[in-house]
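Trainee: My structure is below; once you've seen it, I'll send some questions.
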2 protein chains.
Amino acid sequence: MTDIRKSTPLILITNDDGFDAKGIRTLTQIALQFAKVVVVAPDRPRSGQSGAITPHAPLYITELEKNDRLQSYSVNGTPTDCVKLAMHEILNEKPDLLLSGINHGSNAAISVLYSGTMGAVFEGCVQHIPSIGFSLCSHLPEADFSACDPIVEKITRLALQKTLPEGICLNINIPATEKPKGIKICKQAKGHWTEEFIKKTDENNRPAFFLSGYFQNEDPDDPATDEWALANNYVSIVPCHTDMTATASIPEIEKWLNP
Amino acid sequence: MTDIRKSTPLILITNDDGFDAKGIRTLTQIALQFAKVVVVAPDRPRSGQSGAITPHAPLYITELEKNDRLQSYSVNGTPTDCVKLAMHEILNEKPDLLLSGINHGSNAAISVLYSGTMGAVFEGCVQHIPSIGFSLCSHLPEADFSACDPIVEKITRLALQKTLPEGICLNINIPATEKPKGIKICKQAKGHWTEEFIKKTDENNRPAFFLSGYFQNEDPDDPATDEWALANNYVSIVPCHTDMTATASIPEIEKWLNP
């Protein structure tokens, strides 16, 4: 490519599976083709951390690697903590791009609400960094990430050539089964998790509940959704924002409040 | 009131400051005027937990109180865990209303993204329960919650009389300074947190970072925002949904992907 914006752009990378997960190592290797890379990632798996922050405990930064192209740090915090520490304490310049992942497991549909991978992406978006989360639809630690390579390369190249619209970040999910048919821009599918706990009895004979269950798609036939795209072997891209306002409902809520 | 939907409705209450915070005790006392109440709340403060869940550790439920009108439980998990356990393991019927709070501190603007109070509300919304989060704009543990009483009473009564539109939940913030001028339906203000860490040196001479900083409002003059309402001594109500899709941006992202 000849029209990369800077001769050597800077990419910030994080994830929620921890700094030594296979997914983040794959993502880092791809990003290094295009940019200097700074990795700031949790020191252990922090899946399901959503946008959680650590308000009252000390956060520590551990340097893992430092050379001309790659710096790598771990943090004893959440993915969102990692982005905040990167921006305020580690980086000397604003990154051109934040990449999060590649997550081990889907973050489609409402999983975006629980996802630490996407929590970091939303934090980047709030801080006006073009931010993209990648997830492979396989939870296996040793999942085959090779299906991700061309997608991550294409999107990273595009995002460095032409920045994302202000305030928009991307939730990209990649099917794990075979070569994807293509890429679809989607909306987040409606749904919820059901039968969520496995009940066991601990060594003190006390009931202990372990999160489990499965996703119930409430929109299974809507081809505009990310779940449909993934079920039909497409990569799904949901453009997201950090505004939770249900703007269209404001007149209805006005009436609800003042009937 | 004569037109409450059921003779004795059921309200589920949670929070992120922990089961014994003053805010949740205030909220419970008000809810008991209208309904049977089941409290399922974290066993300790879990501020800033966003929509975090606990995927790999055992969750335990501790019964604190049980009588005809009020059942109260603590859980060693996040606010979202509390809602999931309430729905799947504690309640025998779907609640008519979920109330979260009253949070000690504002959850206006982008604080909604980090808020455990609102994490629980979003979980309720995903599970099709009318769900409302209340926050008082004071972080003091012994804050005066009396300004909240008429607001929480009015909203709880309304929500039991006429359910919220499907898929819409409310983020309600209440100014702490004086009697509010009124209630405004708002949108979430744009902004970000800045100067976020206090750096200290721990006993091993290692740098330790503590989350701090202040909110930078990027929309200070927009009277449609929650921050403007609160700064002008109004209660702010932001109708929220759990769809993160930036729907209006889809055509632009299509062009970005296929230039």
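Trainee: Given the residues A:T14, A:T54, A:T80, which is the only one that is within 18 Å of A:L136 (Cβ to Cβ) and β-branched (V, I, T)?
Mentor: A:T14
Trainee: Specify the residue that is surrounded by the fewest Cβ atoms within 10 Å (Cβ to Cβ); the eligible residues are those in region B:179-202 that are more than 7 Å from chain A (Cβ to nearest Cβ), in contact (Cβ under 8 Å) with a residue 60 or more places away in the chain and in a loop (DSSP other than H, G, I, E, B).
Mentor: My answer is B:K190.
Trainee: Go through (1) away from chain B (no Cβ under 14 Å); (2) touching a Cys at 6+ places or on another chain (Cβ under 7 Å); (3) assigned to a strand (DSSP E or B) and name the single condition A:T26 misses.
Mentor: Among (1) away from chain B (no Cβ under 14 Å); (2) touching a Cys at 6+ places or on another chain (Cβ under 7 Å); (3) assigned to a strand (DSSP E or B), the lone unmet condition for A:T26 is (3).
Trainee: Restrict the check to region A:53-61 and report whether at least one residue is in a helix (DSSP H, G or I), within 11 Å of chain B (Cβ to nearest Cβ) and either free of Cβ contacts under 8 Å to residues at least 40 places away in the same chain or in contact with a Cys (Cβ under 7 Å, 6 or more places away or on another chain) (or both).
Mentor: no
Trainee: Okay, moving on. In region B:13-31, how many residues are of a type in the set (D, E, K, R) and without any contact (Cβ under 8 Å) to a residue 12 or more places away in the chain?
Mentor: Residues meeting the conditions: 2.
Trainee: Would you mind stating whether A:K255 is over 17 Å from the mean Cα position of the chain (by Cα), within 11 Å of chain B (Cβ to nearest Cβ) and assigned to a strand (DSSP E or B)?
Mentor: When the stated conditions are applied, A:K255 does not pass them.
Trainee: Condition test on B:A224, is it over 25 Å from A:P55 (Cα atoms) and touching a residue at least 40 places away in the same chain (Cβ under 8 Å)?
Mentor: no
Trainee: Taking the criterion of being within 12 Å of another protein chain (Cβ to nearest Cβ), under 11 Å from the mean Cα position of the chain (by Cα) and either under 13 Å from A:P175 (Cβ atoms) or of a type in the set (D, E) (or both), would at least one residue in region A:115-138 satisfy it?
Mentor: Yes.
Trainee: Still on this structure, I have one more. What about B:S72, is it within 13 Å of the chain's Cα centre (by Cα), surrounded by fewer than 24 Cβ atoms within 10 Å (Cβ to Cβ), more than 11 Å from every other protein chain (Cβ to nearest Cβ) and at negative phi?
Mentor: Taking the combined requirement at face value, the residue does not satisfy it.
Trainee: Next up: I'd like the full set of residues that are hydroxyl-bearing (S, T, Y) and either part of a helix (DSSP H, G or I) or under 23 Å from A:L32 (Cα atoms) (or both), limited to region A:101-129.
Mentor: A:S111, A:Y114, A:T117
Trainee: Then there is this: Which one of these is farther than 27 Å from A:A57 by Cα and aliphatic (A, V, I, L, M): B:I183, B:I198?
Mentor: Only one candidate passes the filter, namely B:I183.
Trainee: Looking at region A:96-142, which of the residues that are of a type in the set (D, E, K, R) and more than 25 Å from A:G191 (Cα to Cα) is surrounded by the most Cβ atoms within 10 Å (Cβ to Cβ)?
Mentor: Of everything passing the filter in region A:96-142, A:D96 is surrounded by the most Cβ atoms within 10 Å (Cβ to Cβ).
Trainee: Name every residue in region A:216-259 that is within 16 Å of B:V238 (Cβ to Cβ), surrounded by fewer than 21 Cβ atoms within 10 Å (Cβ to Cβ), in contact with a Cys (Cβ under 9 Å, 6 or more places away or on another chain) and among the aliphatic types (A, V, I, L, M), in order of residue number.
Mentor: Within region A:216-259, just A:I250 meets the criteria.
Trainee: Just one of (1) in a helix (DSSP H, G or I); (2) away from chain A (no Cβ under 14 Å) trips up B:D81, so point out which.
Mentor: In the conditions (1) in a helix (DSSP H, G or I); (2) away from chain A (no Cβ under 14 Å), B:D81 misses (2) alone.
Trainee: Looking at this structure, is B:P223 under 21 Å from the mean Cα position of the chain (by Cα) and more than 9 Å from chain A (Cβ to nearest Cβ)?
Mentor: Answer is no for this residue.
Trainee: Residue under question is A:L98, and the condition is that it be within 15 Å of A:Q127 (Cα to Cα) and hydrophobic (A, V, I, L, M, F, W, C); does it hold?
Mentor: So A:L98 fits the description; yes.
Trainee: Turning to a different aspect of this structure: Every residue in region B:29-45 that is surrounded by 20 or more Cβ atoms within 10 Å (Cβ to Cβ) and either on the phi > 0 side of the Ramachandran plot or in a helix (DSSP H, G or I) (or both), please.
Mentor: B:I30, B:A31, listed by residue number.
Trainee: Looking at A:L164, A:L98, A:L140, which is the one that is touching a strand residue (DSSP E or B) at 6+ places or on another chain (Cβ under 9 Å), part of a loop (DSSP other than H, G, I, E, B) and within 22 Å of B:E252 (Cβ to Cβ)?
Mentor: After applying the criteria, what remains is A:L164.
Trainee: Search region A:167-178 for residues being more than 8 Å from chain B (Cβ to nearest Cβ) and not in a strand (DSSP E or B), and hand back the single one that is surrounded by the fewest Cβ atoms within 10 Å (Cβ to Cβ).
Mentor: A:E178
Every number here is computed from the coordinates shown, using simple stated rules; none is lab data. Bear in mind that the values here come from a model prediction, so they are computed numbers and not experimental data. Ideal geometry is used to build each Cβ from the backbone, glycine not excepted, and the neighbour counts take in all protein chains shown.
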